[in-house]
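Below you'll find the structure, written out as structure tokens, and then a few comments.
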Amino acid sequence: MAHGSDILLSLFIVFVAAQIGAELVQRVKLPGVVGEIAAGCIVGPSLLGWVQPAEALDVLAEIGVVLLLFSVGLETRLDEMKRVGRSALLVGVLGVIVPFALGSLWAHGAGYDWAKSLFVAAAFVATSAGITARVLQELGALQREESRVILGAAVIDDILAMLLLGIVTALQSGEDLRIGHLAIVLTEAIGFVVVIALVGARVMRRASGLLEAPINPLSPLTIVLALCLGLAFASTQFGLAAIIGAFLAGMIASETRQRETLEHQTKPLLALMTPFFFVMTGTKVELAQLANADALLTLAFITAIAVVSKLVGGYLGALPMGKRGALIVGVGMIPRGEVGVVVASLGLAAGVFSARTYALIVAMSLLTAMVTPPVLALLLRKDTHVA
């Protein structure tokens, strides 16, 4: 019984800390997500120790980010995504190549052999769609062309990052790299995204009426939430992040005539669930591992590499949109968030990383997540004033 009450206390602390953190930073014109991540650092094991890692909290965090990307998908139309497809592809590819190259060079220079350096570099690669999406949503900027390029590129990033992770993991275990197998995995992942987006959208347009067939007045919401969870699971079966499936579910649900009702009905769910993701992201920072000048200097250096490499990749890929748009896209691609943390956890479990390297990569992932929102908000607000 004590265990159940402990979880409830943790839920209470996480939720209240998220609200206070978001409120404080929003008063100084920063996006709420910054305050939620900072709140996680404060209440987590590193400082106050009020919230300890627990499976229940991680599950809620996962549901929170799945719902967030579903709601972002609801505000994104397939036709609009098609229009920016070429730019998104270029941004996604360059946004993987540049960070991977610079990350592996740094790791090799820091004393890792090439096989391990490539594993470290994998943590520099994938953009966290959750963090940027939340900022774009808070600023009401999801309808902008730059936002659609960022979201499209984040999906492409995830596919490429998954492929890279497969390659570097095989190198660690000394397995032969089976190019044919990797090609099949890549084809399956791309096929999944394309089929769900194109076929799903067509089916949804025709099946709008079926959403209201059940007696339950909330049936449109309950049916598309079932679709969201189903596609989130399906995307993990193709080696992709669950959030990709959730985003696709939202995007095809946006083709129904109940789109605005669904957007309205998901808001209370988001208010409850998404703070858990951002606070739990913050609790994963081990500040003790970074409590010396050498570690802080290294952290500053790898964070600079992480920021510059994504900024350059995104900027170059989006240059056809003009310098201003390219800068917004470049900044939007910077956060690593949960993807960097996942790679770091795999590295620690496989014995590739020391506790210090793990702490550095997690802290880098979180710093990029905290640096991006205020800069992105500033760029978008300035842009709105100019317009």
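The values are calculated or read from the model by the stated rules, or taken from the named source; none is laboratory data. None of the values given here were measured: they were computed from a predicted structure. So basically every Cβ, Gly included, is an ideal-geometry build from the backbone, and we count neighbours across all protein chains shown.
Assessment of the range 76-87 against the conditions (touching a helix residue (DSSP H, G or I) at 6+ places or on another chain (Cβ under 6 Å), in a loop (DSSP other than H, G, I, E, B) and not aliphatic (A, V, I, L, M)) yields at least one matching residue. Pairs, please: C-beta under 9 Å, at least 6 apart or cross-chain, first residue closer than 13 Å to R206 by Cβ and in the range 253-264, second in a loop (DSSP other than H, G, I, E, B)? Pairs that qualify, where the first residue is closer than 13 Å to R206 by Cβ and the partner is in a loop (DSSP other than H, G, I, E, B), are E255/R77. Checking L57, L8, L102, L48 one by one, the residue that is free of Cβ contacts under 8 Å to residues at least 12 places away in the same chain, surrounded by fewer than 22 Cβ atoms within 10 Å (Cβ to Cβ) and either in contact with a Ser or Thr (Cβ under 8 Å, 6 or more places away or on another chain) or assigned to a helix (DSSP H, G or I) (or both) is L8 and no other. Output the residue which, of all residues in the range 105-140 that are more than 13 Å from K310 (Cα to Cα), assigned to a loop (DSSP other than H, G, I, E, B) and within 21 Å of the chain's Cα centre (by Cα), is modelled with the highest pLDDT. Filtering the range 105-140 for residues that are more than 13 Å from K310 (Cα to Cα), assigned to a loop (DSSP other than H, G, I, E, B) and within 21 Å of the chain's Cα centre (by Cα), the one modelled with the highest pLDDT comes out as G140. If you go through the range 288-326 and pick out every residue that is in contact with a Gly (Cβ under 9 Å, 6 or more places away or on another chain) and in contact (Cβ under 8 Å) with a residue 40 or more places away in the chain, you end up with 11. Test of understanding: among V33, V25, which residue is surrounded by 20 or more Cβ atoms within 10 Å (Cβ to Cβ), in a helix (DSSP H, G or I) and without any contact (Cβ under 8 Å) to a residue 24 or more places away in the chain? None of the other options fit; the residue is V25.
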